[in-house]
Amino acid sequence: MTPSYLALVLSLAVIFAWPPVHMWYFQRFLSTRATILAGERRARVHCNTLFDTMLDPEMLAAGHASPTTGKIVLQTPWCGILMDYLSHPAHASDKELWSLNMFTHESMHVRGETNEARTECQAVQRDYRAARLLGVPEATARRNALDYYHNGYQDRGRIGGMQSAYYSADCAPGKALDEHLSDSTWSAL
Ligand SMILES: [Zn+2]
C-alpha cells in the first residue's frame with residue numbers, strides 16, 4: 001500500500017465518521033421512507049442541529065411538517081434518539097418509541113392530514129409499517145408499534161391538556177378512525 005493510498009483511505013474513513021456526513025445519509029434514508037409512508041408525496045426530512053432549533057419559529061414543537069412543501073423537521077435531539085432506537089429496536093425505551101411515532105406522525109402531515117388527532121391515529125396504525133421500512137425485524141416492529149399504542153398514545157389521552165388534541169377515543173381497532181390497513185399495527189389484536 002502506497003502512503004498516498006493509505007492517506008486516501010484514512011481521509012475517507014474520517015469523512016464518513018464525521019457526524020454531519022452521517023446525519024446527511026440518515027436524513028436521506030428517512031426522507032425516502034417518509035415519502036413511502038406519505039403515499040408517494042415527496043418528503044424531505046431535516047434533522048435540526050441545536051443552532052437550527054434556536055432559529056426555528058416552531059422550536060417548541062419536537063417535530064413539525066408541511067403538507068405543502070413536504071418538509072419534515074425533527075428538532076435536536078430527536079434524530080439521535082431515532083438513530084439509537086434503530087441500533088437496538090429490541091430494547092427500545094419509551095422515548096425511542098416516541099421518536100419512531102414522531103417520524104410516522106410527521107409523515108402523515110406530508111400525506112395531507114392537518115388535524116392532530118386524525119394525524120396521530122393514522123401514525124399509530126402505521127408505526128408497524130414505519131418500523132419495517134426503517135429495517136426493524138417483523139416481530140420487534142409489531143411489539144414496538146403496539147407498545148407505543150398501549151402506552152405513549154394512551155398517555156396522551158390520560159394526561160389531557162395539550163396532549164388531548166392528539167388523542168381520540170375513536171382511535172382503536174374497529175372504531176371510527178380504524179382504516180383497516182392490511183399491515184395495521186392493530187392486525188394482531
Ligand atoms: Zn402534528
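Remarks
- Annotation note: trypsin sites (Lys or Arg not before Pro) in the range 152-189 located in DSSP loop regions with a Cβ neighbour count of at most 14 within 10 Å are LYS175.
- Mean-position separation - Cα centroids, the range 119-189 and the range 48-84, in angstrom: 22
- Of the residues TRP186, TRP24, the one with the fewest other Cβ atoms within 10 Å heads the list, and the complete ranking is TRP24, TRP186.
- Percent RCO, i.e. relative contact order, over the chain, from Cα pairs under 8 Å lying at least 6 residues apart: 17
- Shown for LEU30, LEU189: other C-beta atoms within 10 Å of each C-beta, ranked fewest to most, produce the order LEU189, LEU30.
- Note on the range 71-117: dipole from Cβ charges, positive end direction compared against ALA90, ASN101, GLY112; the farthest Cα belongs to GLY112.
- Our Cα-only numbers for the range 1-61 put the radius of gyration and Dmax at 17.1, 52 Å.
- Cβ charges +1 (Lys, Arg) and -1 (Asp, Glu), total dipole of the range 4-108, debye: 340
- When the P(r) is computed for the range 107-154, the part past 15 Å accounts for 44% of the Cα-Cα pairs.
- Long-range HN-HN contacts of HIS46 with modeled amide H, under 5 Å: ILE72, VAL73, LEU74
- Under-5 Å amide H pairs with GLY63, H placed in peptide plane, nonlocal only: GLN75
- Simple Cβ-charge dipole of the range 72-189, Lys/Arg +1 and Asp/Glu -1, about Cα centre, in debye nearest 20: 80
- Neighbour counts of other Cβ atoms within 10 Å put LEU12, LEU86 in the fewest-to-most order LEU12, LEU86.
- A Cβ-based charge dipole, computed about the Cα centre of the range 116-157 with Lys and Arg at +1 and Asp and Glu at -1, lands at about 160 debye.
- The residue list ALA123, ALA165, THR140 was ranked by how far each Cα lies along the charge dipole of the range 123-189 toward its positive end, using unit charges on Cβ atoms, and THR140 comes out on top.
- The average projected area of the range 69-189, computed from the convex hull of its Cα atoms over all directions, is 7.3 nm².
We did not get these values from a lab; they are worked out from the coordinates using the rules stated. All values reported here derive from a predicted model rather than from experimental measurement. Every residue, glycine among them, receives a Cβ derived from its backbone with ideal geometry; neighbour counts consider all protein chains shown.
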